[in-house]
Amino acid sequence: MTIRMDNVGIAVEDLTAAIDFFTVLGLELEGRIMVEGPWAGRVTGLGDQRVEIAMMRTPDGHARLELSTFLAPTVVADHRRAPVNSWGYLRVMFQVDDLRDTLERLQAHGVEMVSDDVVRFEDAYLLCYVRGPEGILLGLAEAIG
């Protein structure tokens, strides 16, 4: 079995300023796109969503950071000013060899799907979000393209 961390996501209000900050820090902009449509809302459980994302990567290519600004639906909470000992984060995404096999193995440990669907993003990925221990939000992705 192979598993590797794909990226960590952070929701921001000002995407351009965040890209600038992480570029100064040393990350490289891999791409910036608008994500919307039925598949996107199904994987996140938000329904009709519209979000702009920027993917940043470390110079060695071993780690990526997904910066997101949610345009719709309206943002419902703001945790940016919470102390570092607060619970929660957006999510961590893992790429796996076989998504359905991984889900089957995790179900024995109480994992719950956020929505009932594993969704397909173009010819690139099968995706789903799950809740793990204590409700921790994880994304699982299988490359298909």
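I'd like the orientation of helix 15-25 relative to the chain: the angle between its Cα long axis and the longest Cα principal axis, in ° from 0 to 90, rounded to 10. With both axes taken from Cα atoms, the answer is about 80 degrees.
Give me the extension gain from ASP78 to ARG131: residue separation times 0.36 nm, minus the current Cα-Cα distance, reported in nm with one decimal.
Values: separation 53, 0.36 × 53 = 19.08 nm, distance 2.04 nm.
Contour length minus Cα-Cα distance gives 17.0 nm.
Residues with beta-carbon under 15 Å from that of VAL51, excluding VAL51: net charge, scoring Lys, Arg +1 and Asp, Glu -1? Each step should come with its number before you reach the end.
Values: positive: ARG32, ARG42, ARG50, ARG91; negative: GLU13, ASP14, GLU36, ASP48, GLU52, GLU66.
Summing Lys and Arg as +1 and Asp and Glu as -1 gives -2.
The slack in the chain from GLU36 to MET5, taken as 0.36 nm per residue of separation less the alpha-carbon distance, amounts to 8.8 nm. Of all stretches in the chain that contain no trypsin sites (Lys or Arg not before Pro) in a DSSP loop with at most 16 other Cβ atoms within 10 Å, the longest one is 1-79. Annotation: the antiparallel percentage among DSSP beta bridges lying fully within the stretch 12-145 is about 90. Measuring between their Cα centroids, the stretch 9-71 and the stretch 102-131 lie 20 Å from each other.
Going by a ≥ b ≥ c, the root eigenvalues of the Cα gyration tensor, does the stretch 1-101 fall in the rounded group (a/c under 1.5), the prolate group (a/b larger than b/c) or the oblate group? Kindly include the intermediate steps, with their values, before the conclusion.
Working: a/c = 1.33, a/b = 1.03, b/c = 1.30.
Because its axes are fairly even, with a/c under 1.5, the stretch 1-101 counts as rounded.
Restriction of the GluC sites (Glu not before Pro) in the stretch 1-75 to DSSP coil positions whose beta-carbon has at most 16 other beta-carbons within 10 angstrom yields GLU13.
For the chain, modelled as a GNM whose springs connect Cα atoms under 10 angstrom apart, the maximal fluctuation among VAL76, VAL24, VAL96 occurs at VAL76.
For the stretch 7-77, chymotrypsin sites (Phe, Trp or Tyr not before Pro) meeting the loop criterion (DSSP other than H, G, I, E, B) and having at most 15 other Cβ atoms within 10 Å: none.
Each reported figure results from applying straightforward, stated rules to the coordinates on display, with no laboratory input. Note that the structure is predicted; figures quoted are calculated from it, not measured. Cβ atoms come from the backbone with ideal geometry, glycine included; neighbour counts cover every protein chain shown.
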